[in-house]
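Visitor: Below is one structure. I have some questions about it.
The values are calculated or read from the model by the stated rules, or taken from the named source; none is laboratory data. Note that the structure is predicted; figures quoted are calculated from it, not measured. Counting neighbours? That spans all protein chains shown, and the Cβs are built from the backbone with ideal geometry, glycine included. Calculation scope for accessible area: heavy atoms of the full protein, side chains included, ligands and nucleic acids excluded. Shrake-Rupley method; radii C 1.70, N 1.55, O 1.52, S 1.80 Å.
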Amino acid sequence: MFIGHFGAALAAKKLDSKPSLGTMILASQFIDLLWPFLLISGIEKVKIDPGNSAFTPLDFTYYPFSHSLLFVFIWALLFGAFYFLIRKDIKSSVVLGTLVLSHWVLDLISHVPDLPLYPGGSMKVGLGLWNFVHMTILVESLIFIAGAIIYIFSTRALNKKGTIGLWLLLAFLAGIYISGIFSPPPPSVEAIAYAGLLQWLFVAWGYFIDRNRKSILMGEPVPAG
């Protein structure tokens with residue numbers, strides 16, 4: 001799953017308007033932001049295998065430290081605890097930790113059985129939505145659109161930057177998603193890893209957007225936390 005995770009980040013602003021959208025994106029995408037570093041270092045592995053599923057040519061052969069249920073739960077606890085140490089806000093910490101965990105839940109729906117429960121475990125899970133291209137596109141798009149609508153109606157632009165920045169992000173994410181569906185397999189694992197690092201730009205983009213929008217729920221500018 002790709003844009004579905006961003007939909008979760010956008011929708012989370014309805015639950016708690018205090019953290020910035022950038023922080024919400026960081027939480028919802030945390031394990032995918034960690035994964036490229038583990039690929040580059042050789043700690044985790046992926047193979048380019050067209051036909052591994054109908055939707056993606058990637059075979060996630062070994063990624064227990066970023067994507068096993070046990071480690072995602074650990075990352076969720078650490079993320080929430082770290083935010084609490086900085087902001088002293090228990091509700092926001094729980095929401096952000098839940099966002100980290102939501103990534104695994106959404107991946108469980110989309111992935112073929114390749115998600116480990118814990119490092120070294122032989123059992124891998126995945127409900128296999130990726131075996132059905134049209135259903136994958138429909139489910140992800142609905143999550144993304146719902147999240148975008150929730151965010152739009154939970155915030156209001158303070159200026160043109162807040163309006164243009166948001167719509168550019170939504171359009172850019174949708175464009176990447178659509179182009180990825182029709183793109184040929186990536187040329188190498190290294191290309192996958194370095195392309196994955198570019199997702200950090202979306203985190204920065206989220207902070208920029210929230211600095212230029214106001215939460216309707218709080219009635220004041222959203223902090224950049």
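Visitor: What residue, among those in the stretch 60-93 that are outside any helix (DSSP H, G or I) and of a type in the set (Phe, Trp, Tyr), is farthest from the chain's Cα centre (by Cα)?
Guide: Tyr62
Visitor: Please identify the pairs in which a residue from the stretch 194-218 that is closer than 17 Å to Trp167 by Cβ has its Cβ atom under 6 Å from the Cβ atom of a residue that is assigned to a helix (DSSP H, G or I) and open to solvent by 90 Å² or more (accessible area, probe 1.4 Å), counting only partners at least 6 apart or on another chain.
Guide: Taking only residues 6 or more apart or on different chains, the pairs are Asn212/Lys161.
Visitor: Restricting the search to the stretch 1-15, which residues are open to solvent by 10 Å² or more (accessible area, probe 1.4 Å), of a type outside the set (Phe, Trp, Tyr) and modelled with pLDDT under 95? Write out each step before concluding.
Guide: Just the residues of the stretch 1-15 that are open to solvent by 10 Å² or more (accessible area, probe 1.4 Å), to begin with: 1-2, 8, 11, 14-15.
If we keep only those that are of a type outside the set (Phe, Trp, Tyr) too, we end up with 1, 8, 11, 14-15.
Residues satisfying the conditions are Met1, Lys14, Leu15.
Visitor: Same structure, new question: Looking at (1) in contact with a Phe, Trp or Tyr (Cβ under 8 Å, 6 or more places away or on another chain); (2) under 11 Å from Ile3 (Cβ atoms), find the lone condition where Phe172 falls short.
Guide: Going through the list (1) in contact with a Phe, Trp or Tyr (Cβ under 8 Å, 6 or more places away or on another chain); (2) under 11 Å from Ile3 (Cβ atoms), Phe172 breaks only (1).
Visitor: Another question about this same structure. Do we find that Leu127 is free of Cβ contacts under 8 Å to residues at least 40 places away in the same chain, closer than 19 Å to Phe2 by Cβ and either open to solvent by 20 Å² or more (accessible area, probe 1.4 Å) or among the charged types (D, E, K, R) (or both) in this structure? If you could, list the steps in order and put the result at the bottom.
Guide: Numbers: free of Cβ contacts under 8 Å to residues at least 40 places away in the same chain: yes; closer than 19 Å to Phe2 by Cβ: yes; either open to solvent by 20 Å² or more (accessible area, probe 1.4 Å) or among the charged types (D, E, K, R) (or both): yes.
Against the criterion (free of Cβ contacts under 8 Å to residues at least 40 places away in the same chain, closer than 19 Å to Phe2 by Cβ and either open to solvent by 20 Å² or more (accessible area, probe 1.4 Å) or among the charged types (D, E, K, R) (or both)), Leu127 qualifies.
Visitor: Looking at the stretch 126-144, is at least one residue over 26 Å from Pro64 (Cβ atoms), modelled with pLDDT of 95 or more and outside any helix (DSSP H, G or I)?
Guide: Yes: one or more hits.
Visitor: Here's something else I'd like to know. Mind checking which residues of the stretch 162-206 are in a loop (DSSP other than H, G, I, E, B) and open to solvent by 50 Å² or more (accessible area, probe 1.4 Å)?
Guide: Step one: list which residues in the stretch 162-206 are in a loop (DSSP other than H, G, I, E, B), which gives 183-188, 198-199.
Of everything in the stretch 162-206, those that are in a loop (DSSP other than H, G, I, E, B) and open to solvent by 50 Å² or more (accessible area, probe 1.4 Å) turn out to be Ser183, Pro184, Pro185, Pro187, Leu198.
Visitor: Right, next: From the list Leu106, Leu96, which one is open to solvent by less than 40 Å² (accessible area, probe 1.4 Å), touching a Pro at 6+ places or on another chain (Cβ under 8 Å) and either assigned to a helix (DSSP H, G or I) or closer than 30 Å to Ser20 by Cα (or both)? It would help to see each step written out before you state the result.
Guide: Numbers: Leu106 fails: touching a Pro at 6+ places or on another chain (Cβ under 8 Å).
None of the other options fit; the residue is Leu96.
Visitor: Out of the residues in the stretch 17-30 that are open to solvent by 10 Å² or more (accessible area, probe 1.4 Å) and modelled with pLDDT of 95 or more, state the one that is nearest to Leu201 (Cα to Cα).
Guide: In this case the residue turns out to be Leu26.
Visitor: Right, next: Looking at (1) assigned to a strand (DSSP E or B); (2) touching a His at 6+ places or on another chain (Cβ under 9 Å), can you tell me which one Trp35 breaks?
Guide: Failing condition for Trp35: (1).
Visitor: Right, something else. Would a scan of the stretch 31-48 turn up a residue that is in contact (Cβ under 8 Å) with a residue 40 or more places away in the chain, crowded, with 18+ Cβ neighbours inside 10 Å, farther than 18 Å from Phe208 by Cα and touching a Lys or Arg at 6+ places or on another chain (Cβ under 9 Å)?
Guide: yes
Visitor: So for the stretch 210-217 (the condition being surrounded by 14 or more Cβ atoms within 10 Å (Cβ to Cβ), at pLDDT 95 or above and under 22 Å from His103 (Cβ atoms)), does at least one residue qualify?
Guide: Among the residues of the stretch 210-217, not one is surrounded by 14 or more Cβ atoms within 10 Å (Cβ to Cβ), at pLDDT 95 or above and under 22 Å from His103 (Cβ atoms), which makes the answer no.
Visitor: I would also like to ask the following. In this structure, does Leu77 turn out to be open to solvent by 90 Å² or more (accessible area, probe 1.4 Å) and without any contact (Cβ under 8 Å) to a residue 60 or more places away in the chain?
Guide: Values: open to solvent by 90 Å² or more (accessible area, probe 1.4 Å): yes; without any contact (Cβ under 8 Å) to a residue 60 or more places away in the chain: yes.
Taking the combined requirement at face value, the residue satisfies it.
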